[in-house]
Structure formats: structure tokens, C-alpha cells
């Protein structure tokens, strides 16, 4: 998945209209209204937006002619292959009409610049797993977790040993299973959580 490295804000002026674009990572649809509320200016002429989270997306023209604001912002998200992202472009009308094509270019361009300013990073999908092992195998288990880039979430002590909940990238999952099998001679068990 490709998403934003961090939030960004840019400002451009086109024919005396000022466009302020805010871009940020949004991990679920419920977070989109909160981001909109945080950056939208009620005193502005329009606060147009788009978000894309996995296979879901939404966009809104906020009073601009249909298809001239929200959809160009969304197209910028698609064009940058950005996921888990929301962009809000606020327009302060400067007195000169831009026309449908001008509006689409302005909104889409402001969104693209905000995404560029934020930067794109690749994030590998992770899965959660549970490893159970006897106490005397904790050393090899910890070594396997570190070797595979796994992150320990928590650890519970059981009467017979330890249960560790961790996350690992989907790409490293087969390697983790293999390293645990080999380093513990099959005595440690590992399974996907949930």
C-alpha cells in the first residue's frame, strides 16, 4: 500500500481565487469527517474533498458545479496511487469565474501538489500472529521475531511456557514460520491470530 508520509498543506492562487489544500492519512471512513471538520473553513466559498481507503472512496463538490472539484481531487489520489488518504481543498473565490475546466484543473492540481508535499511511502500489509513455546525456547523465539522484522504486541505467561502476540509483514510470514520451525525443532507453534 502506498500512503502519505505525513500531513501537508499547500496554497495556490489562480485568477485571484485562493486554493488551500490539506492532505493527510485517514485509516478508516469514520476518520474522514473529523479531518474535514479540522481543516475546513466555514467562511470559505467551498470546502471540496475526496478520500480513498482500500476499495472505498467518496468525494464532494461542496456547491461547485458537479464533477469540477471532488472528482478531480479523487482523480489526483488515484493518479498518485495514494491509499488511506484524504484531501480537502478550500476555495476562497476571487471574483473571476474559472469555468468547468479551470475549476477541475485547479482542484486536481492543488490536490496533487498537496500529495507531493506530503510525500508517498510504501507500507507493507501486516498480519497478527500468536506464537506459543516452552520457557526454554524463548531465546530462539525472540531471535526469530527479530530476524523476520516482527513486532511484539504482548506476551502472556502460561503454566507451560509463553504466548507471544506479534505482527509481521505478509511477505515475511512464511519466513517466520520456517525460522521458528527450524530453530525450535518444531516445538514452538505459530498461527495467525483471529
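The values are calculated or read from the model by the stated rules, or taken from the named source; none is laboratory data. What you are looking at is a predicted structure, and each value in this text was computed from that prediction instead of being measured. Methodologically, a virtual Cβ is constructed for each residue, glycine included, from the backbone with ideal geometry; neighbour enumeration extends over all protein chains shown.
Being at pLDDT below 95 and either in contact with a helix residue (DSSP H, G or I) (Cβ under 8 Å, 6 or more places away or on another chain) or surrounded by fewer than 20 Cβ atoms within 10 Å (Cβ to Cβ) (or both) narrows it down to one of 123, 115, 164, 131, so name that one.
Just one listed residue meets the conditions, 123.
In the range 45-81, how many residues are assigned to a strand (DSSP E or B) and more than 22 Å from the chain's Cα centre (by Cα)?
So the answer is 1.
Quick check: anything in the range 128-144 touching a strand residue (DSSP E or B) at 6+ places or on another chain (Cβ under 9 Å) and assigned to a loop (DSSP other than H, G, I, E, B)?
no
Would you confirm whether or not the range 93-101 contains a residue that is in contact with a strand residue (DSSP E or B) (Cβ under 6 Å, 6 or more places away or on another chain), part of a helix (DSSP H, G or I) and modelled with pLDDT of 95 or more?
For the range 93-101, residues in contact with a strand residue (DSSP E or B) (Cβ under 6 Å, 6 or more places away or on another chain), part of a helix (DSSP H, G or I) and modelled with pLDDT of 95 or more: absent.
Name the residues in the range 82-92 that are in contact with a helix residue (DSSP H, G or I) (Cβ under 7 Å, 6 or more places away or on another chain) and assigned to a loop (DSSP other than H, G, I, E, B), would you?
Hit for the range 82-92 is 82, nothing else.
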